[in-house]
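Please read the structure below before turning to the comments.
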């Protein structure tokens, strides 16, 4: 049974993909896509879910998918219109289907009322057929004859007379072995004018068998007489194939009027069948009936894709752009395997160890005094590059497009809009952006919350929008992009923007900030993220589920990400989340502070300097600020911040690193010395030690020692002691 | 040697799980030579070099459905006589009829169990 259980798990994974296809297809249809293949893809997705569900005996799912599929079929056969109402019903049904799949997977209860309601809607779409007669499902099987030369022990089954007689077939004059054809192909001007490409035709020809192609330039005029659109070239082809004459001509079917094509059989080729030896079947019983190129229209298939001869299927499709065959459904195009995530996890860890080993080796070699040895240095360099490649490739395995995540948000918007009575559309961008799997998974909850917030608090009511001269339908734009080694996800609404006076008064009311505090706009915006800010009064039934934006922020922080708000009154707000590409490695600057080795993320460091007197300006009795091209930056003494030692008297003997946070705040971090810049493997500390102020994680250095990785943002933000938080903010905010 | 040792069966289905359900069933029957294929195009390509006795194919596949696949098989000299069983979600008399005219050997409706699969194959090949 365990094998079946494993398959069951695989089925649910496959369902996820299918649900994505379904949601995407329906979205396209609702956006007015008229492509038949889109409806087909949607239909197939539901159908495949049904098929799998049947195999595992998930009757509720089968029943729902069946009705859904039946009504989709009506849409596919254009018996019901592609109206807004119909698509709406299908969108709701796809939500229910997703819920059902989840319920089956997690073995939780199903929402029968919602299922019933959706089923009613779906069934109402299906036109009543007059006297739906029960079809006879029996099929009289034909037996297969394996011929006389079968291995002993196998009795060929007696051929049964079937309950149908194949229409008499013109005996297929099957030439045994390949024949040799000599072809001349001379395109006329019209062939090019209609956008045909001889190369594709020749390739299709080559797919029929080995062929020699020779260019015939005889009729090519001299350069001076050459018209830019004239067709002067011709080709002579010697083709060795088992294909029949028709199949050869079929390739040129679409250009038949635009070229001169001759095909004459040459002497018979070598009759060597390359194929592996397998007994042929005796023919008589089912010499298949004559094949009309296009079956009856009822075959529910466009005739075109049925056309290509088998060998041609693998060749690039010709003039018609290969619409049906490739784009959406060509199999074999992308081979993939499903791998247990534990195995990948192991690979990730090993790749991390490789980085550490490289660092250790480098250090040992330096200790042995061989660092300047050219061959060794070169070898080490190659090793480092390979290590980085391995690391990146392993990370690429874990990378997943954010598409399914974004897809889920479409539904969130739909539901939130419904609940608030607003009209909101979600526009997504950059769905193909790939992020580490863990990040994608752990982003779902915070993103859901932010999207709900955007609908609930961001977008105004229809009346207010009308007053402001905006379209009644609000827009939320969800985008993902890769920017300088990080992933930036933005949730932008075109609502009223953050009501700053109101936010400020709430924060004061709740004593989150002193009543006389003076805050800049961005500081006010950031109040939204303060624990305890959201209240029952503020939060509506929809977005308030006991989760405030502080939880959202913490969830994103836990992923190594930052959240930034920007908002313009009357124009809307943008929440951007910036996330690391991976959770496992980091480019860092190795520094020494009070005999401790620490690592600062390179991404946060803008520049470093050894300050001179002129760079420093005294602030108060003991403190200094660093002047960088006239800009005063507060100095954060890391040794003192982390409690390694009392604050230094003067920054003159230290090294200052100018750090910039995600929010754009800058300050100078004071360290004793800088050692090195290197890639480090992040080892989480939180499981063992909880969250430590100013420390993001740890790593193992080349010499085997453990170094803490600094949380630069937190240090800048929470800088206490001589430079209070307000001080830093006032200078940088 | 029983037939299950010598027969070579290709299973064509774009859905991994349905494909595995069939190959698993075949495995239980003791069929030794099973060639799984993710779709008709890949199957046709493979058939150029690897002939099989019997193809068990899904009907509902992207790009090329089971009937189109069957038609393509029948049009090629090499695969003209290969055994063909179609697996479908529901019984569609039009599909069954067209299939029959294209020389489809049997027809298997989903969901099926191992016994159903076996009966369906044996109706075509005789006892395995």
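Key figures for this structure:
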{"item": "Any hit, segment B:103-114, residues being over 11 Å from the mean Cα position of the chain (by Cα), within 23 Å of residue B:7 (Cα to Cα), more than 7 Å from chain A (Cβ to nearest Cβ) and assigned to a helix (DSSP H, G or I)", "result": "yes"}
{"item": "Members of segment A:430-458 found to be closer than 18 Å to residue A:411 by Cβ, free of Cβ contacts under 8 Å to residues at least 60 places away in the same chain and out of contact with any helix residue (DSSP H, G or I) (no Cβ under 8 Å at 6 or more places or on another chain), listed by number", "result": "A:441"}
{"item": "Out of A:205, A:215, sole residue that is under 49 Å from the mean Cα position of the chain (by Cα), away from chain B (no Cβ under 11 Å), within 27 Å of residue B:80 (Cβ to Cβ) and at pLDDT 80 or above", "result": "A:205"}
{"item": "Selected residue [under 30 Å from the mean Cα position of the chain (by Cα) and modelled with pLDDT under 85] from A:483, A:477, A:452, A:442", "result": "A:483"}
{"item": "Total residues in segment A:402-439, condition on the phi > 0 side of the Ramachandran plot and over 21 Å from the mean Cα position of the chain (by Cα)", "result": "1"}
{"item": "Residues (closer than 14 Å to residue B:117 by Cα, within 7 Å of chain A (Cβ to nearest Cβ) and without any contact (Cβ under 8 Å) to a residue 24 or more places away in the chain) located in segment B:10-24", "result": "B:20, B:21, B:24"}
{"item": "Count of residues meeting criterion [in contact (Cβ under 8 Å) with a residue 12 or more places away in the chain and farther than 16 Å from residue A:349 by Cβ] in segment A:377-395", "result": "4"}
{"item": "Entirely in segment A:304-423, the helices (runs of 4 or more DSSP H) that have 1 or more residues that are surrounded by 14 or more Cβ atoms within 10 Å (Cβ to Cβ) and modelled with pLDDT of 85 or more", "result": "A:341-367, A:374-398, A:403-420"}
{"item": "Sole residue being facing chain A (nearest Cβ under 7 Å) and farther than 30 Å from residue A:42 by Cα, chosen from B:45, B:28, B:81, B:32", "result": "B:81"}
{"item": "Test for residue A:108: is it without any contact (Cβ under 8 Å) to a residue 24 or more places away in the chain, over 30 Å from residue B:81 (Cα atoms) and out of contact with any helix residue (DSSP H, G or I) (no Cβ under 6 Å at 6 or more places or on another chain)", "result": "yes"}
{"item": "Conditions (1) farther than 30 Å from residue B:23 by Cα; (2) free of Cβ contacts under 8 Å to residues at least 12 places away in the same chain; (3) crowded, with 16+ Cβ neighbours inside 10 Å: number failed by residue A:103", "result": "(1)"}
{"item": "Residue within segment A:116-136 that is surrounded by fewer than 19 Cβ atoms within 10 Å (Cβ to Cβ), modelled with pLDDT under 90 and facing chain B (nearest Cβ under 9 Å) present", "result": "yes"}
{"item": "Among residues of segment A:252-277, those that are surrounded by 12 or more Cβ atoms within 10 Å (Cβ to Cβ) and either modelled with pLDDT under 50 or under 20 Å from residue B:45 (Cα atoms) (or both), counted", "result": "4"}
{"item": "Matching residues in segment B:19-30 - criterion: being crowded, with 24+ Cβ neighbours inside 10 Å and modelled with pLDDT under 90", "result": "B:21"}
{"item": "Residue match in segment B:93-101 (condition: surrounded by 22 or more Cβ atoms within 10 Å (Cβ to Cβ), more than 8 Å from chain A (Cβ to nearest Cβ) and part of a strand (DSSP E or B))", "result": "no"}
{"item": "Qualifying residue in segment A:223-238 (condition: crowded, with 16+ Cβ neighbours inside 10 Å, closer than 20 Å to residue A:209 by Cβ and either out of contact with any strand residue (DSSP E or B) (no Cβ under 9 Å at 6 or more places or on another chain) or modelled with pLDDT of 75 or more (or both))", "result": "yes"}
{"item": "Selection status of residue A:249, in contact with a helix residue (DSSP H, G or I) (Cβ under 8 Å, 6 or more places away or on another chain), modelled with pLDDT under 75 and surrounded by 12 or more Cβ atoms within 10 Å (Cβ to Cβ)", "result": "no"}
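Okay, residues lined up against (1) farther than 17 Å from residue A:405 by Cα; (2) touching a strand residue (DSSP E or B) at 6+ places or on another chain (Cβ under 9 Å); (3) at the interface with chain B (Cβ under 10 Å from one of its Cβ atoms):
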{"site": "A:20", "(1), (2), (3)": "no, no, no"}
{"site": "A:25", "(1), (2), (3)": "no, no, no"}
{"site": "A:30", "(1), (2), (3)": "yes, no, no"}
{"site": "A:38", "(1), (2), (3)": "yes, no, no"}
{"site": "A:56", "(1), (2), (3)": "yes, no, yes"}
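The values are calculated or read from the model by the stated rules, or taken from the named source; none is laboratory data. Just so we're clear, the structure is a prediction, and the values are computed from it rather than from any experiment. When we count neighbours, we look across all protein chains shown, and the Cβ atoms used for this are built from the backbone with ideal geometry, even at glycine.
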